[in-house]
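Written below as structure tokens is the structure these notes are about.
The values are calculated or read from the model by the stated rules, or taken from the named source; none is laboratory data. The shown structure was predicted, so the numbers you read here are calculated from the model rather than taken from an experiment. Positions of Cβ are backbone-derived with ideal geometry, glycine not excepted, and every protein chain shown enters the neighbour counts.
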Amino acid sequence: SSADPRADALAAGEEWGRALLSGAEPARSPEDARGRVLDLLGEIGFAPEPDEDGHGARLPRCPFIEAVREHPGVICSVHAGLARGGMAALGGDADQVELLPFAEPDACRLRLG
């Protein structure tokens, strides 16, 4: 048991995201970093639908929805960390990454700066 499960989950997600993209070439631009993080999330099963402005996406699928129903704060923190870690691994600004769990009735929202 953790004193701060959400912070620990965020840190674990960041480590996971960095590990998945550890051998990747640095992003050529912020737009490239955002697109590659969305590609990563797509490979995992989130089916991201990029916003027209290129700064975020709608996430209509969650490959871990059963776990989210039992532990939403922890699992969603892992996913936020995953995007932050991926962005950091590509040389992007991880501090601009924000996950808004269940921001829509049937989807989460992800802002990438």
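Could you give me the residue pairs with C-beta distances under 9 Å whose first residue belongs to region 50-61 and is touching a residue at least 60 places away in the same chain (Cβ under 8 Å) and of a type outside the set (Lys, Arg), whose second residue is surrounded by fewer than 16 Cβ atoms within 10 Å (Cβ to Cβ) and in a strand (DSSP E or B) wherever it lies, and which are 6+ apart or on separate chains?
Matching pairs, first to second residue: none at all.
Counting just the residues of region 25-40 that are out of contact with any Gly (no Cβ under 8 Å at 6 or more places or on another chain) and surrounded by 15 or more Cβ atoms within 10 Å (Cβ to Cβ), which one comes out farthest from ALA80 (Cα to Cα)? Outline the logic, then answer.
Just the residues of region 25-40 that are out of contact with any Gly (no Cβ under 8 Å at 6 or more places or on another chain), to begin with: 25, 28-29, 32, 38-39.
Narrowing further to those that are surrounded by 15 or more Cβ atoms within 10 Å (Cβ to Cβ): 32, 38.
Numbers: ASP32: 19, LEU38: 12 Å.
Filtering region 25-40 for residues that are out of contact with any Gly (no Cβ under 8 Å at 6 or more places or on another chain) and surrounded by 15 or more Cβ atoms within 10 Å (Cβ to Cβ), the one farthest from ALA80 (Cα to Cα) comes out as ASP32.
Residue pairs, Cβ under 9 Å, 6 or more apart or interchain, first in region 69-97 and more than 16 Å from GLY23 (Cβ to Cβ), second assigned to a helix (DSSP H, G or I) and aromatic (Phe, Trp, Tyr). List them.
Filtered contacts from region 69-97: VAL78/TRP16; GLY81/TRP16; LEU82/TRP16.
If you scan region 58-85, which residues turn out to be in a helix (DSSP H, G or I), modelled with pLDDT of 95 or more and touching a Phe, Trp or Tyr at 6+ places or on another chain (Cβ under 9 Å)?
ILE75, CYS76, VAL78, HIS79, GLY81, LEU82, GLY85, listed by residue number.
Sort out which residues of region 90-113 are aliphatic (A, V, I, L, M) and assigned to a strand (DSSP E or B), and write them in order of number. Quick ask: steps written out before the conclusion?
First, pick out the residues of region 90-113 that are aliphatic (A, V, I, L, M): 90, 94, 97, 99-100, 103, 107, 110, 112.
VAL97, LEU99, LEU100, ALA103, ALA107, LEU110, LEU112, listed by residue number.
Only one of (1) in contact with a strand residue (DSSP E or B) (Cβ under 9 Å, 6 or more places away or on another chain); (2) under 20 Å from ASP4 (Cβ atoms); (3) modelled with pLDDT of 95 or more; (4) of a type outside the set (Lys, Arg) is not met by ASP51, so which one is it?
(2)
I'd like to know if region 52-60 contains one or more residues that are under 20 Å from GLU15 (Cα atoms) and surrounded by 14 or more Cβ atoms within 10 Å (Cβ to Cβ). Please lay out each step first, then the result.
Let us first name the residues in region 52-60 that are under 20 Å from GLU15 (Cα atoms), namely none.
Checked against the condition, which is being under 20 Å from GLU15 (Cα atoms) and surrounded by 14 or more Cβ atoms within 10 Å (Cβ to Cβ), region 52-60 yields no hits at all.
Could you tell me whether any residue of region 17-24 is among the hydroxyl-bearing types (Ser, Thr, Tyr) and touching a residue at least 40 places away in the same chain (Cβ under 8 Å)?
There is at least one residue in region 17-24 that is among the hydroxyl-bearing types (Ser, Thr, Tyr) and touching a residue at least 40 places away in the same chain (Cβ under 8 Å).
I'm told ARG6 meets every condition in (1) part of a helix (DSSP H, G or I); (2) buried (at least 21 other Cβ atoms within 10 Å of the Cβ); (3) not hydroxyl-bearing (Ser, Thr, Tyr) except one. Can you identify the failing condition by its number?
(2)
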